[in-house]
Ligand SMILES: [Zn+2]
């Protein structure tokens, strides 16, 4: 029996769509809650050409809402994309998974995507800045992409092929609220629902039916799902999909201190910081080839190979600045 028989039997899918799914080059941006569920679904369904990009390691606080990962991965501080690769190999050995452990910025995103040459991109990011970047680069390279977001009990999915409104068109009229998972929490079922609808849109795409053109909004706690056609939101003066002006993509400024959520900051040091980590104040509690975990009084620092550092336990921007300067001096 063909392992995909049950989905092939579905009348609007069939053998042809299965082949198409197998041959479609799919890029998943982010291996967090959405990305890990999307990757698992696609691997099980027989998508053979998958790329996934993410810069984080597996943490215990991820496991309640993210697919594929387990306590062992968190204990080992494994980069998410390598954990995905390991697990996917066991689920479906036919999948060629291209795992990229890297931070994506306006400086490298176009290059990374040009190299992969995906037929379609699936959004598994958790920041709007990144989504605007994906929207611009996708328009520039003419690659369809599927936007998905989940926070609290709510989720949104919209597939963009640039015949209708792009993310810029939509968010000009529907301003985002700046909600984030770390501050507002997120209920795991809504993550799975958003990931599922993202995959459904992809299945429509590979089967030749085209995207649904519907904005899907879900509230998993209110038990409601709504869809509506939003073609009217297409902005004929849109700076991205009409004027081809790519502000996010052309912005090459990356500050050395960025506020993430809650009491977490992102510091950027030169790449050699990883090598010189023993000069930082505090103690290296755990380390592997990709990351060093440093404890300094009540502050927990996760230092990545590329010089990025997530710092937990700082309450104000001023304190973050002082801390950054102190750390930077210690490795000079
Ligand atoms: Zn637009």
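Below, the figures for the structure above:
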| quantity | calculated |
| --- | --- |
| Spread of Cα-to-Cα distances over 5 Å intervals beginning at zero, given as percent, for the stretch 137-283 | 2, 8, 13, 15, 16, 15, 12, 8, 5, 4, 2, 0 |
| Cα gyration tensor shape for the stretch 10-66, rounded if a/c is under 1.5, else prolate or oblate | prolate |
| Inter-site label distance for residue 286 and residue 141 at 7 Å from Cα along Cβ, in nm | 3.4 nm |
| The chain: antiparallel DSSP beta bridges as a percent of all, rounded to 5 | 70 percent |
| Calculated FRET value between residue 223 and residue 44, using beta carbons and R₀ = 22 Å, to 0.05 | 0.25 |
| Kirkwood Rh and Cα Rg combined as Rg/Rh, the stretch 52-162 | 0.97 |
| Net length gained if the chain between residue 234 and residue 330 were fully extended (0.36 nm per residue, minus Cα distance) | 29.4 nm |
| FRET E, pair residue 70, residue 299, Förster distance 25 Å, beta-carbon r, rounded to 0.05 | 0.35 |
| Per-peptide average of other Cβ atoms within 10 Å, ordering 114-121, 27-34 highest first | 27-34, 114-121 |
| Debye intensity ratio in log₁₀ form over the Cα atoms of the stretch 240-321, taken at each q of 0.18, 0.19 Å⁻¹ | -0.77, -0.83 |
| The stretch 5-233: Cα Rg divided by the 2.2 N^0.38 Å rule of thumb | 0.96 |
| Mean Cβ count within 10 Å, highest first, over the residues of peptides 126-132, 248-254, 46-52 | 46-52, 126-132, 248-254 |
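None of the figures in this text is laboratory data; all of them are computed from the coordinates on show. This one's a predicted model, so the numbers in the text were calculated from it and none came from an experiment. Every residue, glycine among them, receives a Cβ derived from its backbone with ideal geometry; neighbour counts consider all protein chains shown.
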